[in-house]
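As structure tokens, the structure follows; a few thoughts come after it.
Every number in this text was worked out from the coordinates using simple rules, so none of it is lab data. Note that this is a predicted model, so its numbers are computed, not measured. Cβ coordinates were reconstructed from backbone atoms using ideal geometry, including for glycine residues, and neighbour counts include every protein chain displayed.
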Amino acid sequence: MVSGLRRRDCVGRLQPIAAERGGVETVSNSDRPGALVISLDFELHWGIRDHVSRDDSAYGRLAEERRAVQDLISVFAARRIRATWATVGFLFASTWDELSPHLPAIRPGYQRSELDPYGEPVGPDEDHDPEHLAGSLVDLIAASPGQEVASHTFSHYYCLERDQNEATFRADLAAAQSVARGRGLIVSSLVFPRNQWNPAYTGAVLDLGFRCIRGNQRSWAHRPAPGGGHRRQRVARLADTYVGLTPPPTTAWSEVVLPSGLCDVPASAFLRPYSTRRRQLEPLRRARLRSGLRYAARAGRIFHLWWHPYNFAHNRNENLSLLEHVLDDFDDLSRTEGIETLTMSDVSDGVTQGEAAETGGGR
């Protein structure tokens, strides 16, 4: 069986070092190196179908999202970057016949009917419907060195919308695990669509075999909410891309394991797609990302960068250029500070193995 988990020892040791935060020099007491974690929400039409119809120009760009997946894998391979690909369960199949046996018997009855994906027509195979089936790309990700195949739920499930419940959520995660097994994969990391994490569902997440989640960026603007939050939150998230009094948030290794035992590697920053209207702000954006990486490297913390492959479907060259700049900064910090590239499962493996060793259960 091919595993979606690419393991790596991340329990290395660094001496305490000085770090800057908000212009103030602090001293890290971390005994682990800093880490860059990259996660991607791979969705194709399933992630935007509630507001993008088949007649929309954005639908026509979904072929470019498939190309972006291949571009990103090539970049990651060339730069030896590890990444987690949170993939909608529907995309694990290459044909309708592969998909249909895994459909859950109970499904959410969202109050907003446009959120229900089960009425979406799906073609017979990937050649006829590349917007809704992507088994070949899942195979490509799984076969690429350092890439972790993770789950974005089976149906792009919305955990905070009305008229869904824990029972339908459990059925969805069971379907996600089932379709992954059908592709020969084991998945243990989970990312929530629209970042709608509902802590009441922690038990369901653990029961269905997931060990690690990507929690929300820790700020008011990124607080999970139905429908993506209100307008003031969206404006604040946009502003946060370019300006801020302190670097983007990072996570201490000691904060990863929740009391439940579930590991949470919260988001630090969203790699927002390039915009010609904001091109003059690009130096600010790069500087902000660099500040978060630098702080994580010097303080021995985790910087978690995420985006959708679809974000690279337009302005491809500009988006790839920004990513290359970020990875250049990472390479510099890797040489000088020892920061590592890790997947979400690498992080959860590292902290759980470290805890076992400390309690005498590491053998």
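What order do you get for 54-61, 177-184, 198-205 when each peptide is scored by the mean count of other beta carbon atoms within 10 Å, highest first?
The most tightly packed comes first, giving 177-184, 198-205, 54-61.
Backbone geometry of segment 262-269 corresponds, through the Karplus equation with coefficients 6.51, -1.76 and 1.60 at θ = phi - 60°, to 3J(HN,Hα) couplings of 6, 8, 10, 10, x, 5, 9, 7 Hz, x marking Gly and Pro. Put simply, when 36-44, 105-113 are sorted by average Cβ atoms within 10 angstrom per residue, most first, you get 36-44, 105-113.
Hey, fewest Cβ within 10 Å first, where do H314, H304 land in order? Provide the component values of the computation, followed by the final result.
On the way: H314 17, H304 27.
Ascending Cβ contact count within 10 Å gives the list H314, H304.
For a quick check: with amide H placed at 1.01 Å from N, whose amide H comes under 5 Å from A150's, ignoring anything fewer than 5 positions away on the same chain? So A150 has HN proximity to W85, A86, T87. Listed values for segment 164-174 are Karplus-derived 3J(HN,Hα) couplings in whole Hz (6.51 cos²θ - 1.76 cosθ + 1.60, θ = phi - 60°), namely 10, 8, 5, 5, 6, 5, 4, 4, 5, 5, 4, and x replaces Gly and Pro. Highest-first packing order for the peptide set 189-196, 141-148 is 189-196, 141-148, based on the mean count of other beta carbon atoms within 10 Å. Would you mind pulling out the separation of the Cα centroids of segment 124-140 and segment 312-335, in Å? The two parts, judged by their Cα centres, are 27 Å apart.
Please compute the Kirkwood hydrodynamic radius of segment 18-358 from all pairs of different C-alpha atoms, in Å with one decimal.
On the way: mean 1/r = 0.0490 Å⁻¹.
Result for segment 18-358 stands at 20.4 Å.
The value obtained for segment 62-164, namely the Cα convex hull volume divided by the number of residues, is 107 Å³ per residue.
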